[in-house]
1. Pull up region 101-121, narrow it to residues that are in a loop (DSSP other than H, G, I, E, B) and among the hydrophobic types (A, V, I, L, M, F, W, C), then point me to the one that is nearest to the chain's Cα centre (by Cα).
2. Given the criterion under 15 Å from Gly244 (Cα atoms) and within 20 Å of the chain's Cα centre (by Cα), identify the matching residue among Leu292, Leu285, Leu276.
3. Can you report the number of residues in region 338-356 which are in contact with a helix residue (DSSP H, G or I) (Cβ under 6 Å, 6 or more places away or on another chain), surrounded by 20 or more Cβ atoms within 10 Å (Cβ to Cβ) and not hydrophobic (A, V, I, L, M, F, W, C)?
4. Kindly provide the set of residues from region 126-174 that are on the phi > 0 side of the Ramachandran plot and either in the same structural domain as Ile15 (by TED's automatic domain parsing) or small (Gly, Ala, Ser) (or both), ordered by number.
5. Can you name every residue in region 133-160 that is in a loop (DSSP other than H, G, I, E, B) and either crowded, with 19+ Cβ neighbours inside 10 Å or not polar (S, T, N, Q) (or both)?
6. Hey, any hits in region 120-132 for a residue that's more than 18 Å from Glu355 (Cβ to Cβ), buried (at least 19 other Cβ atoms within 10 Å of the Cβ) and among the hydroxyl-bearing types (Ser, Thr, Tyr)?
7. Report, by residue number, each residue of region 69-86 that is modelled with pLDDT of 85 or more and either among the hydroxyl-bearing types (Ser, Thr, Tyr) or in a helix (DSSP H, G or I) (or both).
8. Only one of these is under 30 Å from Glu141 (Cβ atoms) and in contact with a Lys or Arg (Cβ under 6 Å, 6 or more places away or on another chain): Asp17, Asp11. Name it.
Amino acid sequence: MAVRVTRGGVDEALIPDIAGMTAKVCEILDKSAKKTLIDLVKSHLSADGLINPTVESLLSHIRALRQVAGSDLVRGCKAKDLDELDVEICKQIAELANQELPNKNTAFHKLAVWIGAIQRSYPVEIFTTNYDLLIEQALEENRVPYFDGFVGTNKTFFDLQAVEEDRLPERWARLWKIHGSLNWFENRDKAGSIHRGEVSGGERRVIYPSHLKYDESRRMPYLAMIDRLRAFLKQPAGTLLVVGYSFNDKHLNEVITQGLQGNSTAICFGLLFDPLKNYSAAADLAASRSNLNLFASDEAVIGTKRSQWPTARDAGSCPRDNLAVRWVDDPAKTGTKKAIFSLGDFGSFGSFLEELIGEKERNIVC
């Protein structure tokens, strides 16, 4: 969302958020022969209490129905129709999310430069719920080596042992795609086997694969990625910096809070884009966990204590604006300025990392 492009004279995000993606996919399906089926799937979720399902919720429900259907009907849906709808939704998601970064000065590139800027005693681990390939593009364009769990060239495969043992060099970043990826595919000829391939492939993509049975999913990348997050939070003084995540995934929240609860030396900093009132789930979690700190645009929760950012009576007494904080007029108090925290914006966060390593111009590090 922080990477902006102009399409048809309109400034918009390179890739829409999950709500925007859901709206666009449903709009396409509503104009296709799949309208009756997608309406039926939505009615299932509505009857179950989920009024505005995301595209991930739709996929999970479709795949759960397919698991039960076998070769028969389930809740009015044929197995063959469910398979076709699954493929069509993944195709539409792929077309929306399969984008390239428009230049080499994006926040993704700045993150990649920061990762590769210094020698490290411990590797940087990136956990993302996004299934686009933007971070891979930025890492590769800046020649930063990384490991995502897959090995091979012709027929890649997921190496669970390599993920669990983690004996790669510290200079290699670790990239864990918790909700799957556009270029992960399920091997229909071998149950539970996942490979990485060309995005244009016509196979079923592994995106948010919560539909899989327990015995199969233990071998899947999805749970292996979650296990990596658990292991990361067990490290002494492990520091998790969260940007662009709204804390609306209950399963992921549980993993984070359990990790912080089990390791008092670990700490999490959540950098939030909007006002704190928009993140009620996150605020509730931080109110009871002293090592979960939230920094929203208008308020923060630090050490379980919630408070607004400071104000100043006049512009002359304000510190100057910087990448992390800017000062704006307070509409509630005439003549007063209030601080706005900016690092919840991934674009500002990328510039902050660039400043940390002292990069003033591309390829010149001070």
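The values are calculated or read from the model by the stated rules, or taken from the named source; none is laboratory data. All values derive from a computational prediction rather than experimental measurement. So basically every Cβ, Gly included, is an ideal-geometry build from the backbone, and we count neighbours across all protein chains shown.
1. Keep residues of region 101-121 that are in a loop (DSSP other than H, G, I, E, B), which gives 101-106, 116-121.
Within this subset, residues satisfying the condition of being among the hydrophobic types (A, V, I, L, M, F, W, C) are 101, 117-118.
Numbers: Leu101: 17, Ala117: 24, Ile118: 25 Å.
Looking at the filtered set, the residue picked out is Leu101.
2. Details: Leu292 fails: under 15 Å from Gly244 (Cα atoms); Leu285 fails: under 15 Å from Gly244 (Cα atoms).
Exactly one of Leu292, Leu285, Leu276 is under 15 Å from Gly244 (Cα atoms) and within 20 Å of the chain's Cα centre (by Cα), namely Leu276.
3. Summing the residues that are in contact with a helix residue (DSSP H, G or I) (Cβ under 6 Å, 6 or more places away or on another chain), surrounded by 20 or more Cβ atoms within 10 Å (Cβ to Cβ) and not hydrophobic (A, V, I, L, M, F, W, C) in region 338-356 gives 3.
4. As a first pass, look at region 126-174 and keep what is on the phi > 0 side of the Ramachandran plot: 143, 149, 152, 166.
Across region 126-174, the qualifying residues are Gly149, Gly152.
5. To start, the set of residues in region 133-160 that are in a loop (DSSP other than H, G, I, E, B) comprises 133, 142-145, 148-149, 152-156, 159.
Answer for region 133-160, where residues must be in a loop (DSSP other than H, G, I, E, B) and either crowded, with 19+ Cβ neighbours inside 10 Å or not polar (S, T, N, Q) (or both): Leu133, Arg143, Val144, Pro145, Asp148, Gly149, Gly152, Lys155, Asp159.
6. yes
7. Within region 69-86, Ala79, Lys80, Asp81, Leu82, Asp83, Glu84, Leu85, Asp86 meet the criteria.
8. On the way: Asp17 fails: in contact with a Lys or Arg (Cβ under 6 Å, 6 or more places away or on another chain).
Exactly one residue qualifies, and that residue is Asp11.
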